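Structure record follows, encoded as structure tokens.
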Amino acid sequence: MKQSTDPLTWEDAMPRRTPSSLNRSSTTPRHRQARWGVSVAAFAVLAIVGTACSPVESSSDEAGGDQTTSTQDVFGEPADAAQVKAGGTLTVALSADPDKLDPTLSRSLYSRYVFHTMCEKLYDLGPDAKIVPQLATALPTISADGLSLTIPLREGVKFADGGTLDSTAVKVSINRGLTLAGSGRKSELGPITSIETPDPKTVVIKLSKPFAPLTAALADRAGMVLSPAAVDKLGANFSTAPVCVGPFKFASRVAQNSIKVVKDPLYYDAAKVHLDAIEYRIITDSSIRSANLRSGDAQVADSLSTQDAPELQKDSNMTVLQSQSLGYQGLTINIGNANGIGTPTKQLDTPIAKDPRVRQALEASIDREALVKSLFNGLNSVACSPISPKSEFTSDAAQVCPAHDPAKAKELLTQAGVTTPYKVEMITSNNPDSLRLAQALQAMVKEGGFELVIKPVEYASLLDQQDRGDFELLQLGWSGRVDPDANIFNFVGSEGSQNVAGYNSPDVDKLLTDARQSTDQAQRIQLYGQVVTKLQQDDPLIYMYRQRNLTGVSKTVLGVQTYPDGVIRTAFAGLAK
């Protein structure tokens, strides 16, 4: 189950259901009925739980290797030009309809899949999750005081509309991220005071304070460079006909159905592009995505169900790409989002919003280990914080996991003066995998004194409701970023652009600000450990598990790759000869 506030409001929020007309395979999905309910056998596992508070063990998986090991990282390999055809259309089955195809406004992981093909960034991530230049030619040169970053740009680069990429275009794009109403990039870009363009191939970013996460932010949507001509023409409607630099360019979109991009002959490295077009088809039911993959109606399928992945791994015609996500799946509690995101927070008058003991009780009612084992075939991993155990910013403090303890949960509810069972409503996406998770949680938290009422909604409605503050409890997630600031500040910082919980803690704000301004990694690690400790006391978000990025790829196509950032890389793929 992916999230999407990739954010969710978040880009990695859960997918929504697709019209039946999109179910292009005649193959009957296996175990369809089982997907909508949780078996008695599955809940037998829920009783097997440890009560000790201990760090989460990190995975011992290594990158690469044989995919027959079900949890081994398999990123995929670049295409060998001698082994692929020239031309053809690649079909990708997506688990959710991307939101706006505007890098400034987008919050969905699924839009990042499309942006990968048509909107390159100043920087990118490699398979080792290290930052590498893309439209820039080198990592930024940072001044001694940390207040100035100088970025050299590629020369001879053209936008899909024929315009030339230069420092002015970069300035326009970053300023748009800082100023456009509804921008999801503003808090990612930090304390930028000005952007200077001393010459066409050089950008100098000036800051009021040092900002350690900036380079990492420029390796995502904040670093995508938009055509100034298209920005000037379309304004806030840029998503209707987006123009950037990329191997492909936007061709068409049918809402809730498909998106098509076609090869851009103006791309600076067009010789490496083998396909004529890529079509993304929206198929929200994971079993139907897998069926389309097997039938050949799609060559790539994202977000494989952990129920389907093991069988696909055994299929000699398929490859399952996988990596541990940098993000998480969790629950967001509405504490102070009374009038919508971006407005001043206001304490809500409900026990779960007012009293952290009620939120702590909810967390103590959740058996993360049992969820991972019973629902996800052990493919996903327990998560108790927004910092991955594989992150270079992890620590023992960042991986401490509150114990599953239903007795303690009831005790906390009694201390809070709450009558049990305490009723709480949770909105979630209305696809089968999300509902299976919701039903498991519903049964699980009952033992801790909660009555969980499930409110399934369409993905787009879920995003709207969370932004308006029209929810009590929300199940959603985040695909994750390499710098922990991007996994935390936006969602729990009082000025975070995606703080849909309405959480406001001066203590957490100070810790996050100090971490942003520090250039000492050891200090940042210590500060993020303190942030996690505070978040586990206040519980505006309850982190539950870290999903594996599971992508199914037919062996009729070569060169598809998926890195830990979760983005499926198809731009340089080709159909096998």
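Take the stretch 310-349 and flag every residue that is over 30 Å from ALA398 (Cβ atoms) and assigned by TED's automatic domain parsing to the domain that holds GLN498.
First, pick out the residues of the stretch 310-349 that are over 30 Å from ALA398 (Cβ atoms): 310-319, 338-340, 343-344, 346, 349.
Those that are over 30 Å from ALA398 (Cβ atoms) and assigned by TED's automatic domain parsing to the domain that holds GLN498: ALA338, ASN339, GLY340, THR343, PRO344, LYS346, ASP349.
Tell me the residue from ALA241, ALA236, ALA251 that is in contact with a helix residue (DSSP H, G or I) (Cβ under 7 Å, 6 or more places away or on another chain), surrounded by fewer than 19 Cβ atoms within 10 Å (Cβ to Cβ) and small (Gly, Ala, Ser), please.
ALA241
Within the stretch 177-193, restricting attention to residues that are in a helix (DSSP H, G or I) and either touching a Phe, Trp or Tyr at 6+ places or on another chain (Cβ under 9 Å) or outside the structural domain of PRO210 (by TED's automatic domain parsing) (or both), which residue is farthest from GLY496 (Cα to Cα)?
LEU189
Please go through the stretch 115-139 and pick out each residue that is farther than 10 Å from ALA219 by Cα and of a type in the set (Ser, Thr, Tyr).
If the condition is that a residue be farther than 10 Å from ALA219 by Cα and of a type in the set (Ser, Thr, Tyr), then THR117, THR137 are the ones that fit.
Which condition breaks for ILE288 when tested against (1) in a strand (DSSP E or B); (2) in contact (Cβ under 8 Å) with a residue 24 or more places away in the chain?
In the conditions (1) in a strand (DSSP E or B); (2) in contact (Cβ under 8 Å) with a residue 24 or more places away in the chain, ILE288 misses (1) alone.
Among (1) modelled with pLDDT under 95; (2) within 19 Å of MET544 (Cβ to Cβ); (3) surrounded by fewer than 21 Cβ atoms within 10 Å (Cβ to Cβ), there is one condition VAL400 misses while meeting the rest; what is its number?
Every condition holds for VAL400 apart from (1).
In the set SER187, SER183, SER167, which member is among the polar types (S, T, N, Q), modelled with pLDDT of 95 or more and surrounded by 15 or more Cβ atoms within 10 Å (Cβ to Cβ)?
SER167
Name, by its number, the condition in (1) within 30 Å of LEU348 (Cα to Cα); (2) over 20 Å from the mean Cα position of the chain (by Cα); (3) surrounded by fewer than 23 Cβ atoms within 10 Å (Cβ to Cβ) that does not hold for ALA576.
If we test ALA576 against (1) within 30 Å of LEU348 (Cα to Cα); (2) over 20 Å from the mean Cα position of the chain (by Cα); (3) surrounded by fewer than 23 Cβ atoms within 10 Å (Cβ to Cβ), just (1) comes out false.
Mind checking whether some residue in the stretch 490-512 is at pLDDT 95 or above, farther than 30 Å from ALA409 by Cα, crowded, with 23+ Cβ neighbours inside 10 Å and not hydroxyl-bearing (Ser, Thr, Tyr)?
Within the stretch 490-512 (the criterion being at pLDDT 95 or above, farther than 30 Å from ALA409 by Cα, crowded, with 23+ Cβ neighbours inside 10 Å and not hydroxyl-bearing (Ser, Thr, Tyr)), the answer is no, since none of the residues qualifies.
What number of residues in the stretch 61-77 are more than 17 Å from ALA129 (Cβ to Cβ) and at pLDDT 50 or above?
Within the stretch 61-77, residues that are more than 17 Å from ALA129 (Cβ to Cβ) and at pLDDT 50 or above number 3.
In the stretch 314-326, which residue that is touching a Lys or Arg at 6+ places or on another chain (Cβ under 7 Å) and under 21 Å from ALA298 (Cα atoms) is surrounded by the fewest Cβ atoms within 10 Å (Cβ to Cβ)?
Among those residues, the one meeting the criterion is ASN317.
Residue by residue through the stretch 291-317, note down the ones that are assigned to a helix (DSSP H, G or I) and free of Cβ contacts under 8 Å to residues at least 60 places away in the same chain.
We begin by selecting, within the stretch 291-317, every residue assigned to a helix (DSSP H, G or I); these are 291-295, 309-314.
Residues satisfying the conditions are GLU311, LYS314.
In the stretch 95-119, which residues are hydroxyl-bearing (Ser, Thr, Tyr), part of a loop (DSSP other than H, G, I, E, B) and out of contact with any Ser or Thr (no Cβ under 6 Å at 6 or more places or on another chain)?
Selection gives SER106 alone.
Go through the stretch 327-347 and give me each residue that's surrounded by 18 or more Cβ atoms within 10 Å (Cβ to Cβ) and of a type in the set (A, V, I, L, M, F, W, C).
LEU331, ILE333, ILE335, ILE341
Do the conditions hold for SER505, that is, is it in the same structural domain as ILE366 (by TED's automatic domain parsing) and of a type in the set (Ser, Thr, Tyr)?
yes
Restricting to the stretch 425-452, give me the number of residues that are assigned to a strand (DSSP E or B) and over 26 Å from the mean Cα position of the chain (by Cα).
So in the stretch 425-452, the residues assigned to a strand (DSSP E or B) come out as 425-429, 450-452.
Remaining after also requiring over 26 Å from the mean Cα position of the chain (by Cα): 450-451.
Residues that pass the stated criteria total 2.
Please find, within the stretch 120-145, the residue that is surrounded by the most Cβ atoms within 10 Å (Cβ to Cβ) out of those that are part of a loop (DSSP other than H, G, I, E, B), modelled with pLDDT under 95 and touching a strand residue (DSSP E or B) at 6+ places or on another chain (Cβ under 8 Å).
PRO127
State whether one or more residues within the stretch 111-119 are surrounded by 13 or more Cβ atoms within 10 Å (Cβ to Cβ) and either acidic (Asp, Glu) or at pLDDT below 50 (or both).
no
All but one of (1) in a helix (DSSP H, G or I); (2) within 23 Å of ALA212 (Cβ to Cβ) hold for ASP467; state the number of the condition that does not hold.
It is condition (2) that ASP467 fails.
The values are calculated or read from the model by the stated rules, or taken from the named source; none is laboratory data. What you see is a predicted model, and the numbers here were worked out from it, not measured in a lab. Cβ coordinates were reconstructed from backbone atoms using ideal geometry, including for glycine residues, and neighbour counts include every protein chain displayed.
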